[in-house]
Structures are given as structure tokens and as C-alpha cells.
Amino acid sequence: MSGESLVGRTALEHLDALAKGELSARELVQAYLERIERFDGHVQAFLLVDADGAVKKAAEVDERRARGEPLGPLAGVPVAVKDVLCTEGQRTTCASRILENFIPPYDATVVRKLKEADAVLIGKTNMDEFAMGSSTENSAFQVTRNPWDLTRAPGGSSGGSAAAVAACFAPLAIGSDTGGSIRQPAALCGVVGLKPTYGRVSRYGLVAFASSLDQIGPFAFDVRDTALLLKVIAGHDPLDSTSVARSVPDYLACVEEPLEGLKVGVVREWLSEGVDPEVATAVRDAVAVYEKLGADVCDISLPHSKYGIPAYYIVAPAEASSNLARYDGVHYGYRAARYEDMIDMYCRTRAEGFGAEVKRRIMLGTYALSAGYYDAYYLKALKVRRVIREDFDRAFEQVDVIIGPTSPTPAFRLGERLADPLSMYLSDIYTVTANLAGIAGISLPCGFTQDGLPIGLQILAPPFEEERLLRAARMYERETEWHRRRADLQQAVAAVSKAG
Amino acid sequence: MATSTEATPYTIVIGLEVHVQLLTETKLFCGCRNRFGDPPNTNVCPICLGMPGVLPVMNQKAFQLALRAAVALNCQIARFTKWDRKNYYYPDLPKNYQISQYDLPFSHDGYLEIPTADGGTKRVGIIRVHLEEDAGKLLHAERGGKSQVDLNRAGTPLLEIVTKPDMNSPAEARTFLEELRLLLRYLEVSDCNMQEGSLRCDANINLHVQHNGQTVATPIVEVKNMNSFKAVEAAMAYEARRQYEEWLRTGAKLGEVPKETRGWDENRAVTVSQRRKEEASDYRYFPEPDLVPVVVSEQMLQEVRSQIGEFPAQRRLRLAAEYGIPEYDARVIVELGKAFADYFEQFARGLENPKNASNWMLQDVQRTLNAKGWTIEQFPVRPEKLADLVSRIERREINTHAAREVFAEMIESGRDPGAIIAERGLTMVSDEQQLKAIVDQVLDENPKVLEDFKKKKGKKRKQVAGFVRGLIMRQTKGRADAALVERLVNEALVARTGVPLE
Amino acid sequence: MALSAEQVQAVALLARLRLTDEELAVMTGQLNKIVEYVEQLHEVDTKDVEPLAHPLPISNVFREDRLRPSLPRDVALRNAPDTDGEFFLVPPVLD
């Protein structure tokens, strides 16, 4: 089997071939490393490719398999990890100058779980600096391109992970989602991305952006692989007070079971104004698929969802302004070369170490928490947050899942939204409310535009109903072929060089 | 106060803000050791270093100790409590925020009763008690003009206790601290050592001056850098005088000038105004999203109350009265903690004279604990066994010398005193005929001592008698009845030399 | 309510960010635009609404008071910009 015919398959297909002895983990990782070598210069999904570590791990899996030893559920499968998760002994930068040379002496719990599952950690992916952004253009180091059209953004902030899967650099990837940072790039890159319920996956070792909103989640080509990866990373962690002590269902085992009498709510507000017509059409087509499957489809209203973005842009920056205070040039990370005194050292270090978007959010959050403004902004936003949560509670009394578009538009051109921060913030208009409410959400491919750009369908479920979410998503996926399409990188590269 | 007098035309008003470190094994949010005096930056981990992505998890023991202290301070316990971030930049604070409690502390509105000079008691109100993390230490190094940061203390559990301005003299402030220390030591909440910083105290002080038939409040001053109870008393006395002189000079009243912070200068015995911060502090408190709230159940409270039992001030009085031991001994026993006092009581109940128990506890037992670094819970000899041993001294079965030998063996092997005494033949020799024969034999063999006894006078003569007693003890391997030997030796020396003892 | 450049400068000091005059001007404009947008929160009637700081309704999460290994000192100091092998070093700090 040639390398090029290997890449682009799903993790479950790889696991099957590995188990049958049709190929070795070493051959598999080599195929992906060659693919990365060939195309990542164009896509720039990775900040770090750990070829040696990956090959070593793959060889270990092969040897253990040969000896008949028990292996983990991801044995030999390459996984790309967003550079926001700490990896012991391996540079973890959050795509920021301020952490350019930071080497954590610890693994994030999710990284530890991946290692214990015998996954092959192939590299660290690019992202918006400290996960702040919706295009991955806020990386201090490089701009990641959308594999479907290299002149467009992959979305963000987990754009590197989404692009890595879409570019067939790895069948699985890990991202983090604070306001849509998994679901939106999944939609823009034509892959599946899932944001678990707040508390479902340990945040230990996830470099914090907004602690009450952040969750780690999987990227994959399809729902079944997503279920597989979620099962590995979910679960209670004594190192995270906010991780919940609930058992983790075997998501993969039940994912093929359709949901009898499924009630689907379509968000009225999300299909009216501000949504791209091609996106709206694709989502309506998806609704029709559920109707055909016998689901009970109805319109629902989330009347306060339009306040999601303003509430989010108070709560998230407020928490971020505090979470990012630790980057001060004292205990680790970048320190300015010249300064006058202690305070000047802080101010210059942070001015030189952080990019523009990070500074903007730190400023916004500091202002929202400062004396005299706390009640008007921060406290008000927390009250609106409860109102938004109550909208969902009411909706889930009527329906089992909520569906709508993931992003109002398909992938936008690089640079298009950089000058106007607000226009970029509005990319997350349909995704932020799930973070504010703490519920589970998934984005999966539901079509392509005339220009060949992927469109994402968002499905939301009540807290800790990931099983329902995956089963509902799989019902749709079985009826469609969108998840089987792969970006043609050779053609994408040719298109760019022709235009250039 | 009806009219002002020449001597004190004002009332002193003092409120204290006390920080005490809790006696936990580990820090508040991570498993690093909570201990004073270790080499710098050796009790640190990614969590207390505030590295990216790490999260705090609350130490249950710390919360229990905090509850115990608050219940003992008669506080209202909040059923729902949460933690908040206090944001400020300082190099000893790795995250540049302190996890503390802002609007919903776990306890509030309590009091501590303190003894007054006239033999009565007075209640000092407690506004709030809350649980927070400590910062590290910043040291000023000579070399290169840089400051050094040690984070061993960063993240250790700290209780903040804020009193009402209920103390009206420097002595009362000191008494409050002494009573607080007694309470918290007894409850094993904190060792309250001001030198090591496990108890730290700032004071707010002003005066209510009688002026033209009205009471005028002077500006409140916060006093810091007081490193002992004595320093607190001295600083308060100094500050009261200084504020009165300033009032006479300027007439400034409360609210007319910004709040001043002054530091106590121990060497010069004065308070010195501290440089005002360049920026107004704005701590931007908000709920700590990485921790979840604590809901205190009735069951948790019951448990804490049952752990406390009798309060130390009561127990101190009871120990002195019930066992007839000196008040000083009772105080020290209670200050050494509840478990120590429990041990004492079990021990003393097995003795004829409980004073022997306090002597043994405060000398032999305490010396052993210090040498081995043990707590009383780790002490291997149970109180009944120790009572068995010491009661044998009371019954004149063995002497103190032999008892110490048995005590040492009991610590090593844990065996019963009776068995050790039998095996080593340590039973006291108290047969008068037998001992008299040994005295005679010794004097026969040492004629020089008789000459010395005759020649020397006063103290020196008595020393000769002591030397002879030593020889007898050696002959009997330390087992002789010391009082009997003394009488027999004195009688024999006087009889043989014809000179009196004195 | 518009933010002045002076207010933005004061926030920058609280946040320990040094802004050049040019950055200050841009930042002031952008923050005002965002704050203006966020103002629409005040359209929502939140009378009698409890703030929601935390999406999870859980409480009382504790760990046992048990030692876990600390880092060796050289590892603890390894990422630091300036140390003397025992301490983290910073510019001189006055009280």
C-alpha cells in the first residue's frame, strides 16, 4: 500500500489494518510524515513536528504488538495536538513570543491520556495566539492556510488542528474551544469537531484562555472517529476541580444506533439575517435529511442568543486578563532585554511578548473588571450569561438536539477581517452561546459552496449528552457523503502558484 | 468616659488584621510540602509556580482547620462560600493574582474573649475570617542589585482574621494576640510563630479625643512590620502618643487626610511613614473559575464542633484546679496542643501526685519529642505505660535515675516498665541494714574522705558527703533509695569524724 | 460612555502593558468600538437574575492533604529568564 493511499483514511480504518497486520505503525507514521514534509510548507499547520518521537512511539507499538502485549485504543494512530496543551519536555508556545522557549516539565492530562492510549503524537499545531482569534492569523509564528483554498483562513483558533486533519497530515487532532475554536475551524475545513460539555474533559495542562469557557475536544474526518477520540480524552481528573466525576459512556459502541423519535429544534434566529445564503441552504437541506429520517423537526427560538457575542467579549477577556497576568518574565518565558525597573520590566516584557489581539483582550478584560465598571460590564455579562443558559434549558425541554449553521460564512480570505476586530468576533456568533451555557456541540460537514468550500452543520445537546449528540450526528452522516471528500492539496498548491 | 482627664484625654481604638499559616502537611492547592526553613525553591511544582495550564485543587485539611478556627472564634459559618482572584503584580506572586475570598468569606461575625486587667473578660469582635493562599518571599540581594524570589511559601494556606476596632489599649492588643495564639495552638490550627512568620499582624489605630465636650476621631493609621507581640504593644503605645501629638499640632480628623501606612522600626522604636504606592490599588476581584464553591453542611459543622470540645482557656483553668499543678504548667501544657493535654490527663490520672505528670511531660517527654522531631501522637509510649513507670517512683519501687533508664528503653522497644525493671534488676535497694553495710564498707575502703570531711567546711564539707553518696550509688548500680542513702551517709560521717554536717 | 486615551493608559498600567503613543491611539479607537458594541447587553432585562460565573452546578471538590513530589530545583528554575541557581532573579524591588 502506498503512503498516499494510506493518508486520508480514518483512524478506525488504520486501527483495523494495524490489527490485521496489513501495515505497521511505523509505515503508517512514515506515510503521514512524508505527507507533512511534502505539503506543510504550503499549509503551515504545524509549529513543531516531532518526527523522531513519533517514529519511536510507532516502533514501540509495533514491538509490543509483535510480543502480543495489550495495546491502547489508539495504538499506532497519529494524533496532532494544538500547541495550547502542555507536553512534557517539548516546547509549548501557544503561538506566542512570550512562550517561544517554554518547555513544560509536565504533560496536560489529555496528552497523558493520549500517550496511555498509545497514540503517536506527531506534532504541535498552529493556533491564534493564546487561542484568541477565529482565523489562526494571530499566531506569532506563521499563517495556516485552509487546505481547500490556500488563500483562505482555516478558521480558528484551532486552525492548525483542523487544517492538519483536512490536509491528511493526521487522521485525528486535538483542539480547544472557548467560543467556537473547535467547531468553527472544523466547519471551515470540512472536518468534524466536537466541543464537549464543560467539565467533561480535564483542563489540566491546557493553557488557560477563559477558564469558565475552555474545553478540549477532538477533530476527525467523521463522527465515528470523533467518538473514538472523545472516549480516550474524556473523564474525571483529580487535578481539575471543574472536571466532573461521571462515568464516560462508550461513545463508539453506541454511535451507530439511531435515536428513535428524535426531536430536532431549528434555531429560527440563526437562519434569518446575517447568514450566507449557501450556508443557509446547506443547513436547510440537512434539516430535510432529518425529516426524511423520521425526526420530529420544529422551529425553536433562542431569543437572547444575539447577546452571546457581547456577553462573551466581556466574560472571556475578563478571565483572560487574569489568566495571562502570569506571563511577566519572572518565572519562565520571554523577558525584555532592556528595562528601567521592575514595573518597566513587566510592561516591556508583555508589550514585546504579546501580539495585538491578545493585548486588546487583556485591555478589554482589565477594563471590564476595574473599579467602577465591574457591575456595568462584568456582572451584567454574567447575568446575561444565565439568561442565555435559560434559553437553552427551555429549548431542551421541547427538543432533544438543536441544529443550525456552525459559522455564518464559509472560509474567508486571509487578511480580510484582520483590520476590524469586531467583524472577526462575529465569526463565532452561532458558537459562543454553547460555551457560555457550558453545553455540548459538534460541527460536521453538510455541503460545499459553488467555490468548493466546506460548510458546517452545528448540532447542540444538553450537558453531558455527548452520546446523544454523536448518535444524532451519525444519523445524518450515514445518509450523506460529505465526510468522505478530501481536499486536493496538489491542485490547491497549483491554483495558488498559478494565481501568484 | 464622662470627662477628659489630664493623663489620657483620649481613648485608643485598635483593630487587628492577623494572618496565620495553617498546620497542613501540604500547600493549599498542590501537594508540595508546607514547611518553613527549607532551601529556597525546593518545595515547588508547576502548580505553585503558576506555570501555564495548571489548576488548583483545594486541600481538605486546610478547609477543616479554617472551619475549626472560625467555630472556635464563635463566627457565623456561611453555608455557601467561594473563592475569588485578587489581581496585582508582584514577583513573589507567580500567577500575579492571589486566590482569596472577597464578598462571600466562609465565616464572619464572631468574637474572642480576652482577660482584662481587672480580672474580668472582654469580647473582641471578629469581622471575618477567610482562607487564602500565601505569597512567596522576596529577598533583597546585594549581588548585582537584583532581588531574589523564593517560592517555597507560595500557595501555602493562610487564614486572615480581621477584628473589630474593639481594643482600647496596647496591652489589650497584645492580650488578644496571646489568647488567639493559645486558641490556635491548642486547636492545632497553627503554630503561630511570629519569628517564622506563621503569625503576622497589622494594626489599624486611631484615637477618640475628648475635645470641647465632643468626641473627635483622628485619622486611622495602618501599622505594619511588627515582628513580635512585644513589638505590637510598643508600636501601639508609640503610635497613640504620636497621633495625639499630631492632633494637637494639626487638628486633623478622620476622613480629612488619606489613610496612612506606617512601618514599625524596631531599632529606633518609632513608626515611619511608608512611601505611598504610585498607583491606586485596583484588585479587580472576580470569582475564581478554577475552583468550585464549598457548601458547608450541618454534618461538617458537627464534626468540627466535636473536634474542638473544651476551649483552651477553660481547660487551662480546669487542669490547674483539678490536678493541682501550677498555672504556668497548665498554660504550657495547653499551648502544646489538645493532643498533648489529652496525654497529660490520661497520664496524670494514673499517678498519686499529678505534679509528677506535669514534670515528666514538660521535661523528659518534651525533650524526647524535640530531639526526635515527633508530635505527641507519634510518641511511642502510651500514657498508661508512662503512668505505670512513674507510679513506681511514687511507690519507691525504683528511683528516678533508674526510671530514666527504663524510660529510654520503653521508647526504643515499647516494652512494659515492669519487665524492663525485672530484667535489669533495677528494683530500688531500700533495706536499711543492707545499705548501712555498704556505707560502712565504702568508708572503710576510703579513709581519705573522712579526713577531707574533717578538714573542709560548709559547702565543701557537704560536697564530700555527695561524693560518698555517689560511691554508694555506683556500688548499687544506681538502684539505692537516694533519700535513705543520704541519711545513712550523713549519720555515718558525723559519727566517724565527730564533726557536724553543717 | 467613551474611553479617553488617559483612561486607556491607566488600564494599560493596571495590565502591565507598555503602549506607544500610536498604539494607544489605535487601542483607544478599537476599545471604544468594542465597548460600544457590548453596550447592547443593557437591552436585556436582568432584574432578579443571579449572575452565572460557572456553568457547572458542582461544589465541595477537595483533595487529601497528601504530599506529592515537588520539582527538583534545577527543573523548577530551568525556564526562568534569570536565576542564580537557587532563586529567581528580578530587578531590585523596593517595598
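Taking each residue of the stretch A:263-274 that is without any contact (Cβ under 8 Å) to a residue 60 or more places away in the chain and looking for partners that are of a type in the set (A, V, I, L, M, F, W, C) and assigned to a strand (DSSP E or B) with beta-carbon atoms closer than 9 Å, six or more apart or interchain, yields A:ARG268/A:ILE300. One residue alone among A:VAL297, A:VAL315, A:VAL289 is open to solvent by less than 20 Å² (accessible area, probe 1.4 Å) and either within 30 Å of B:TYR97 (Cβ to Cβ) or not basic (Lys, Arg) (or both), and that residue is A:VAL315.
Report yes if A:GLY365 is in contact (Cβ under 8 Å) with a residue 24 or more places away in the chain, on the phi > 0 side of the Ramachandran plot and not aromatic (Phe, Trp, Tyr), otherwise no. Spelling it out, it is not the case that A:GLY365 is in contact (Cβ under 8 Å) with a residue 24 or more places away in the chain, on the phi > 0 side of the Ramachandran plot and not aromatic (Phe, Trp, Tyr). Among the residues of the stretch A:378-392, those that are more than 7 Å from every other protein chain (Cβ to nearest Cβ), open to solvent by less than 50 Å² (accessible area, probe 1.4 Å) and within 17 Å of C:GLU43 (Cβ to Cβ) comprise A:ILE388, A:ASP391. Of everything in the stretch B:179-204, what is open to solvent by less than 50 Å² (accessible area, probe 1.4 Å) and out of contact with any Leu (no Cβ under 9 Å at 6 or more places or on another chain)? Give them in sequence order. Within the stretch B:179-204, B:LEU182, B:GLY197 meet the criteria. Do any strands (runs of 3 or more DSSP E) lying entirely in the stretch B:56-163 carry at least 2 residues that are farther than 30 Å from A:TYR332 by Cα, and which ones are they? Once the strands (runs of 3 or more DSSP E) in the stretch B:56-163 are filtered for at least 2 residues that are farther than 30 Å from A:TYR332 by Cα, what remains is B:107-115, B:121-133, B:157-163.
If you go through the stretch B:90-131 and pick out every residue that is open to solvent by 10 Å² or more (accessible area, probe 1.4 Å), of a type in the set (A, V, I, L, M, F, W, C) and either outside the structural domain of B:ASP150 (by TED's automatic domain parsing) or farther than 22 Å from B:VAL296 by Cα (or both), you end up with 2.
If you check A:ALA153, A:ALA131 for being more than 30 Å from A:VAL330 (Cβ to Cβ) and either surrounded by 24 or more Cβ atoms within 10 Å (Cβ to Cβ) or in contact (Cβ under 8 Å) with a residue 40 or more places away in the chain (or both), only one passes: A:ALA153.
Of the residues C:GLU23, C:GLU39, which is more than 7 Å from every other protein chain (Cβ to nearest Cβ), more than 25 Å from A:SER211 (Cα to Cα) and open to solvent by 50 Å² or more (accessible area, probe 1.4 Å)? Let's see the steps before the verdict.
Working: C:GLU39 fails: more than 25 Å from A:SER211 (Cα to Cα).
Residue meeting the stated conditions: C:GLU23.
Only one of (1) within 14 Å of chain B (Cβ to nearest Cβ); (2) open to solvent by less than 10 Å² (accessible area, probe 1.4 Å); (3) in contact (Cβ under 8 Å) with a residue 12 or more places away in the chain; (4) under 19 Å from A:VAL110 (Cβ atoms) fails for A:SER241. Which number is that? That leaves (3) as the condition not met. Restricting attention to the stretch A:414-431, the residues that are surrounded by fewer than 24 Cβ atoms within 10 Å (Cβ to Cβ) and acidic (Asp, Glu) total 2. Selection of first residues in the stretch A:411-431 that are farther than 17 Å from A:MET132 by Cβ and of second residues that are among the aromatic types (Phe, Trp, Tyr), restricted to Cβ pairs under 8 Å at least 6 apart or on distinct chains, gives the following pairs, ordered by first then second residue: A:ALA411/A:TRP148; A:TYR430/A:TRP270. Taken over the stretch A:327-352, the criterion of being more than 8 Å from chain C (Cβ to nearest Cβ), surrounded by fewer than 24 Cβ atoms within 10 Å (Cβ to Cβ) and either touching a residue at least 40 places away in the same chain (Cβ under 8 Å) or outside any loop (DSSP other than H, G, I, E, B) (or both) is satisfied by A:GLU352 alone.
When A:PRO445, A:PRO408 are checked against the criterion of being closer than 19 Å to A:THR281 by Cα and either β-branched (Val, Ile, Thr) or under 16 Å from the mean Cα position of the chain (by Cα) (or both), A:PRO445 stands alone in meeting it. Does the stretch A:44-62 contain any residue that is assigned to a loop (DSSP other than H, G, I, E, B), in contact (Cβ under 8 Å) with a residue 40 or more places away in the chain, surrounded by 17 or more Cβ atoms within 10 Å (Cβ to Cβ) and of a type in the set (Val, Ile, Thr)? No, the conditions are met nowhere in the stretch A:44-62. On inspection, A:PHE209 passes the criterion of being modelled with pLDDT of 95 or more, over 30 Å from A:GLU257 (Cα atoms), buried (at least 24 other Cβ atoms within 10 Å of the Cβ) and of a type in the set (Phe, Trp, Tyr). Test B:HIS108 against the criterion of being out of contact with any helix residue (DSSP H, G or I) (no Cβ under 8 Å at 6 or more places or on another chain) and modelled with pLDDT under 95, and give yes or no. The answer is no for B:HIS108.
Each residue in the stretch B:48-106 was checked for being within 9 Å of chain C (Cβ to nearest Cβ), among the basic types (Lys, Arg) and within 19 Å of B:GLN307 (Cα to Cα), and 1 pass.
Test A:LEU426 against the criterion of being under 30 Å from C:ASP48 (Cα atoms), part of a helix (DSSP H, G or I) and within 10 Å of chain C (Cβ to nearest Cβ), and give yes or no. Judged against the criteria, A:LEU426 is a match.
Whether any residue in the stretch B:30-40 is in contact (Cβ under 8 Å) with a residue 40 or more places away in the chain, hydrophobic (A, V, I, L, M, F, W, C), at the interface with chain C (Cβ under 9 Å from one of its Cβ atoms) and part of a loop (DSSP other than H, G, I, E, B) is what I want to check. The answer is yes; a qualifying residue exists.
Confirm whether A:ALA227 is touching a residue at least 24 places away in the same chain (Cβ under 8 Å), within 14 Å of another protein chain (Cβ to nearest Cβ), surrounded by 19 or more Cβ atoms within 10 Å (Cβ to Cβ) and within 16 Å of the chain's Cα centre (by Cα). Judged against the criteria, A:ALA227 is not a match.
Can you name every residue in the stretch C:52-94 that is within 7 Å of another protein chain (Cβ to nearest Cβ), surrounded by fewer than 16 Cβ atoms within 10 Å (Cβ to Cβ) and basic (Lys, Arg)? The answer is C:ARG66, C:ARG68.
Every listed requirement among (1) within 30 Å of C:LEU77 (Cα to Cα); (2) hydroxyl-bearing (Ser, Thr, Tyr); (3) surrounded by fewer than 19 Cβ atoms within 10 Å (Cβ to Cβ) is met by B:SER147 save one, (3). Here A:ARG203 clears all of (1) of a type in the set (D, E, K, R); (2) out of contact with any strand residue (DSSP E or B) (no Cβ under 8 Å at 6 or more places or on another chain); (3) open to solvent by less than 10 Å² (accessible area, probe 1.4 Å) except the condition numbered (2). Somewhere in the stretch B:154-167, is a residue within 27 Å of B:ASN96 (Cβ to Cβ) and in contact with a Gly (Cβ under 6 Å, 6 or more places away or on another chain)? Scanning the stretch B:154-167 turns up at least one residue that is within 27 Å of B:ASN96 (Cβ to Cβ) and in contact with a Gly (Cβ under 6 Å, 6 or more places away or on another chain). The sole residue among A:ALA411, A:ALA434, A:ALA395 that is away from every other protein chain (no Cβ under 12 Å), in a helix (DSSP H, G or I) and open to solvent by less than 10 Å² (accessible area, probe 1.4 Å) is A:ALA395.
The values are calculated or read from the model by the stated rules, or taken from the named source; none is laboratory data. All of these numbers come straight from a predicted model, not from anything done at the bench. Virtual Cβ from ideal backbone geometry, glycine too; neighbours counted across all protein chains shown. Each accessible area value is taken on the protein alone, full model and side chains, heavy atoms only, with ligands, DNA and RNA left out. Shrake-Rupley method; radii C 1.70, N 1.55, O 1.52, S 1.80 Å.
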